[in-house]
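Have a look at the structure below, then the notes.
The values are calculated or read from the model by the stated rules, or taken from the named source; none is laboratory data. Predicted, not measured: the structure shown is a model, and the values here were computed from it. Neighbour counts are summed over all protein chains in view; Cβ atoms, including those assigned to glycine, are modelled from backbone coordinates with ideal geometry.
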Amino acid sequence: MSSRGLPTPITIAEPEFGFNAAEKGDGKAMADPVTAPTMTAISLTVNGKPYSKSVEPRTLLVHFLREDLGLTGTHVGCDTSSCGACVVHLNGSAVKSCTVLAVQADGGEIVTIEGLGSEAHLHHVQEGFWEKHGLQCGYCTPGMIMTAVAFLERNPHPSETEIRDALEGNICRCTGYQNIVRAIQYAAEHAPA
């Protein structure tokens, strides 16, 4: 206790990590240099086009697609794999690209929303979302469509319950899902033979 009856202040020691111990105390303490991550060469095919790039090993596929290739249709919604806005197809399977490292996709084939169809010739799932107004703000739409395409490839004649179950990993904060379900039902009914 101090002479005034107050608790004596506690002195907290400086941490030793991050400083060169030989320089500590001479007024010239410097942080240890940080080594930049090693770049890794990857080659993959995205929407039918081959790419070879160097990436940091920690680069997520979603960031590689958006930042390195400029394919911004794949959205970053949560960074925790909860929302499904980042779904793409990797080697024929729907994956949340925020959970895949770009180096894990090396040698793979990726399809993004940009690779499904064109304005002149929409993919039948895109057409379903257009016809049944399966969107409002549109942020979740690319992931919903990519999930629906993969689902309909496995189950071309789904029930409403099966559609709702397939969308379990995708979040829409606007529509209440009813029109999304209708859009997928429309796509199933209008799929090319």
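Residue count for segment 146-187, restricted to those that are over 22 Å from residue 95 (Cβ atoms) and aliphatic (A, V, I, L, M): 1. Residue 182 fulfils the conditions (1) part of a helix (DSSP H, G or I); (2) closer than 14 Å to residue 123 by Cα except for a single criterion, (2). Give segment 110-122 a look and list any residue that's over 16 Å from residue 74 (Cα atoms) and buried (at least 20 other Cβ atoms within 10 Å of the Cβ), or say none. Of everything in segment 110-122, nothing turns out to be over 16 Å from residue 74 (Cα atoms) and buried (at least 20 other Cβ atoms within 10 Å of the Cβ). Consider segment 138-175 and keep the residues that are closer than 20 Å to residue 75 by Cα, out of contact with any Cys (no Cβ under 6 Å at 6 or more places or on another chain) and part of a loop (DSSP other than H, G, I, E, B). The one that is modelled with the lowest pLDDT is 175.
Scanning segment 52-88 for residues that are in contact (Cβ under 8 Å) with a residue 12 or more places away in the chain, crowded, with 18+ Cβ neighbours inside 10 Å and more than 14 Å from residue 146 (Cβ to Cβ) yields 55, 59, 60, 63, 64, 69. Among the residues making up segment 150-162, those that are in contact (Cβ under 8 Å) with a residue 24 or more places away in the chain and touching a helix residue (DSSP H, G or I) at 6+ places or on another chain (Cβ under 7 Å) are 151, 152, 156, 157, 158, 160.
Residues are listed down the side, and each one gets a yes or a no for (1) assigned to a helix (DSSP H, G or I); (2) within 25 Å of residue 40 (Cβ to Cβ); (3) of a type outside the set (Val, Ile, Thr):
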residue	(1), (2), (3)
81	no, yes, yes
85	no, no, yes
114	yes, yes, yes
119	no, no, yes
